[in-house]
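Reading through the structure tokens given below for one structure.
The values are calculated or read from the model by the stated rules, or taken from the named source; none is laboratory data. Since the model is a prediction, treat every value here as computed from it, not as a measurement. Cβ sites come from the backbone with ideal geometry, for glycine too, and all protein chains shown count toward neighbours. Calculation scope for accessible area: heavy atoms of the full protein, side chains included, ligands and nucleic acids excluded. Shrake-Rupley method; radii C 1.70, N 1.55, O 1.52, S 1.80 Å.
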Amino acid sequence: MEIQVVGGLAVRIGAAGLSLGTPKQQLVLALLVVRANQLVPMHDLVDELWPDDPPRSAIANVRTYAGNLRRSLDSYADDRLRIVREPGGYRLLADESLIDLYRLTARWRHARELMRAGAPAQAVPLLEDVGAAAAPLLAGLTLGPVLTARREAASQERRAALESLAEAHLILGRPESAASLLREEVSRQPLWERAQCLLMRALTAAGDAGGALAVYRAAREALTGELGVPPSEEMEQLRVAAALARRRVPNSVTEAETIRKRSRTHDWLPRTVPDFVGRKEIVDRLLHDVRERSGGVPTIRLIDGMAGCGKPEPGN
């Protein structure tokens, strides 16, 4: 048995999925799930389903939705998952290990404890699980205020987990892994400055200072263009560090190749010819022949050869 809220809402019992009814009925279940084992007051349910203008039948409708869900769960589930009606509202009695959101939250808390304890290697697999949950909470449903806030909180938890995962890779001396993790994320979220800083650190540590400077330029453009704020002091410090690293170490194939070429000791090109050679004798003989044969009348000598071969000109 499993309850899924990361991505779309689903209840799976064995290989089968439980029918959850209309979108409004699904919202009732969703709110009960994210507040599992807590009393959800009737007014919270009404506000979630009809944030602006609830109908007169709102309370009756909520009771109908909750009753339908309770009967479905009673038919297929066991005591680990039940909806009970209490004074003022409803409560979902559930084993929280059945709910994917609660499992991810537990992994995130454990990972933070491991990071604080200086055990990044043990934290990495937990952080990878949390970071892999990229789908938004309750995708496909039109949420009210409570579930919208919970969706945003889940998104913030995932972002924090990705930041911690990148930090763990950097601590463990794996900057390439940190850079690979963050590249796509920052391209989708250009205003995520903390991730931009971590990506700059990772690229500089991996020997790609030019890439780190490119990240800085893109982040600065996004921050100033969309928010009207300059990059943070941390980002400026990382820019300076990347610029210094770029001066010290070749950070591109072109620069490295240039240095390798300069270090070569052999040059197999032909030696440079300082001047034209081998023409003086030919020109002298040609001029002598013209003078001897002219006899005071015009004399013509034809010079033939392919273009550019350096044919002698008697006038020179």
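Here are some notes:
- For Ile99, residues with placed amide H under 5 Å, excluding near neighbours: Ile3
- Projected over every direction and averaged, the convex hull enclosing the alpha-carbon atoms of the stretch 33-132 yields 8.8 nm².
- 3J(HN,Hα) from dihedral phi, the stretch 6-19, Karplus parametrisation 6.51/-1.76/1.60, rounded to Hz, x for glycine, proline: 6, x, x, 7, 7, 10, 10, 10, x, 8, 9, x, 7, 6
- Ranking Leu138, Ala168, Val124 by Cα position along the charge dipole of the stretch 116-212, where only Lys, Arg, Asp and Glu carry charges on their C-beta atoms, puts Leu138 farthest toward the positive end.
- Rounded to whole numbers, the Karplus 3J(HN,Hα) couplings from phi for the stretch 197-205 are 5, 5, 5, 4, 4, 5, 5, 5, 5 Hz, using 6.51 cos²θ - 1.76 cosθ + 1.60 with θ = phi - 60°, and x at Gly and Pro.
- What the stretch 194-233 shows is 44 Å² of accessible area per residue, with the surface traced by a 1.4 Å probe over protein heavy atoms.
- With all protein chains modelled, accessible area of Ser187 [1.4 Å, Å²]: 80
- Modelled spin-label separation between Leu302 and Trp50, with each label point placed 7 Å from Cα along the Cα-to-Cβ direction: 10.9 nm.
- For the pair the stretch 190-238 / the stretch 74-99, the C-alpha centres are spaced 47 Å from each other.
- Backbone geometry of the stretch 101-111 corresponds, through the Karplus equation with coefficients 6.51, -1.76 and 1.60 at θ = phi - 60°, to 3J(HN,Hα) couplings of 4, 5, 5, 5, 4, 5, 5, 4, 5, 5, 4 Hz, x marking Gly and Pro.
- Stretch gain in nm, segment Ala106-Gln38, where the contour uses 0.36 nm per residue and the Cα spacing is subtracted: 22.7 nm
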